[in-house]
Amino acid sequence: MSKHEDHAVVEEDLDDGSRSIIKSIISQLCKDMDLSRITFPTFVLEPRSFTERVTDFMSHPDFLIEASKCEDPVMRFIGVVKYYMSGWHIHPKGVKKPYNPVLGEFFRSKYEFDDDSNAFFVAEQVSHHPPITAMFYHSPEHHVAIEGDLRPKSRFLVTSVGMFLEGYAKIHFNKWNEEYMVTYPNMYARGILFGKMVLELGETSTVTCQQSDLMFEVEFKTKGMIWGTYNQIAGKIKRISTKEVLYEITGNWQTTMYIQDKRSKSEPVVFFDSSKESVVPQIVACTSEQEANESRNLWKNVTKAIVENNLNDATTHKSAIEEQQREEAKQRETTSERFVPRFFQLEIDGFYHPKLSLNTIPDDPAEAKEKITSWIFTKPDGAQQDFAKAEDDPVVLASKKPRRHAA
């Protein structure tokens, strides 16, 4: 294993106290038990919500934009695959899980690209049990949209914890009338009982476009007990109708992947190198422009406490949010009130889709931008979020301050 690859392994050492807490929780579990109702200690938490974690897949939108401009359907498909595979190297330091979003919680943001175009994003927690996060992303100038309904399920596997991401995600290239259906690999937290905790991706996932008769099937390989290497993948781009393999993609999903044209039998070339690509930052309105149930505002006190390594305060604030959610659920039950999501709705196919239907968005970029931003960023008072306003919330500012570390 190279130094670059070894450094890229997502792992974490736990102290004796933290390991003891985890073992205490594990002693109450049985194999294949659903962990969605288990309260985890705050030291395993990443300081952001799953509604925001979803945006990791939008870290390299330039690949998707470039793909949408290709005239050749095979090249478009390869570009979509590159976009899909580029999102996995984004992760928190250590083996962490994001906050479980509360019902009705949402996260919204926008992106500004070098060509002065934009993209807009919103994710909402539309169900708590089972947990379901619906998402929507749209770039009006490039006629590219993504919609999804993500249903994470966590299971206890004795020596590891598995997270299985069900639901759907669909990429739309409106210019070409193409839809790319995406599935996801499983995630595993290994070493929860002893040794280092390690995050692995495993099993098979796919990208499929029926309109272009193309499919990408990739195996995320887990390391064996004795042999093997972390983070390895092996994938094939092939015709759906004939099963002809056009390209093979191999390498390390965390560092460098390679693509080989199987028809010309040319040598593999670099497909994606995470050390040479920059993440496109998202823009989020300051806290005073956010509503009470927007992710960063809702969890700000927990985030501050985790950043400051004050786990007692983090637990206190996290428990308060969870207790408020339980009380709101009781009130709905008492009044027979049904929760209605703000941005998404359950449709006949059994999945959640944006209330702003894609076929109602104008082709004209300016008109589309106005309609999308009005839908996503309008506040209850009728005004839209002011992204130019500087952050002035002392809790948020404190959580952004650099902290001193012991030598």
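Odds and ends about this structure:
- Which listed residue, of 229, 242, is more than 23 Å from the chain's Cα centre (by Cα), at pLDDT below 95, of a type outside the set (Phe, Trp, Tyr) and part of a loop (DSSP other than H, G, I, E, B): 229
- Residue selected from region 147-165 under the condition at pLDDT 90 or above and open to solvent by 10 Å² or more (accessible area, probe 1.4 Å), by the criterion farthest from residue 78 (Cα to Cα): 151
- Candidate set: region 166-177, residues that are touching a Phe, Trp or Tyr at 6+ places or on another chain (Cβ under 9 Å) and within 24 Å of residue 363 (Cβ to Cβ); chosen: the one surrounded by the fewest Cβ atoms within 10 Å (Cβ to Cβ): 170
- Only residues that are touching a helix residue (DSSP H, G or I) at 6+ places or on another chain (Cβ under 8 Å) and either open to solvent by less than 20 Å² (accessible area, probe 1.4 Å) or modelled with pLDDT of 95 or more (or both) were counted in region 47-62, giving 6.
- Residues located in region 113-144, provided they are charged (D, E, K, R), surrounded by fewer than 24 Cβ atoms within 10 Å (Cβ to Cβ) and modelled with pLDDT of 95 or more: 141
- Subset of region 337-364 (residues that are more than 21 Å from residue 130 (Cβ to Cβ) and open to solvent by 90 Å² or more (accessible area, probe 1.4 Å)): 359, 363
- Condition met for residue 326 (at pLDDT below 95, closer than 19 Å to residue 293 by Cβ, open to solvent by 50 Å² or more (accessible area, probe 1.4 Å) and part of a helix (DSSP H, G or I)): yes
- Of the residues contained in region 255-274, none is found to be open to solvent by 40 Å² or more (accessible area, probe 1.4 Å), within 23 Å of the chain's Cα centre (by Cα) and either modelled with pLDDT of 90 or more or over 17 Å from residue 82 (Cβ atoms) (or both).
The values are calculated or read from the model by the stated rules, or taken from the named source; none is laboratory data. All of these numbers come straight from a predicted model, not from anything done at the bench. As a convention, Cβ positions derive from the backbone with ideal geometry for all residues, glycine included, and neighbour counts pool all protein chains shown. Note: accessible area is taken over every heavy atom of the protein model, side chains too, but ligands, DNA and RNA are not part of it. Shrake-Rupley method; radii C 1.70, N 1.55, O 1.52, S 1.80 Å.
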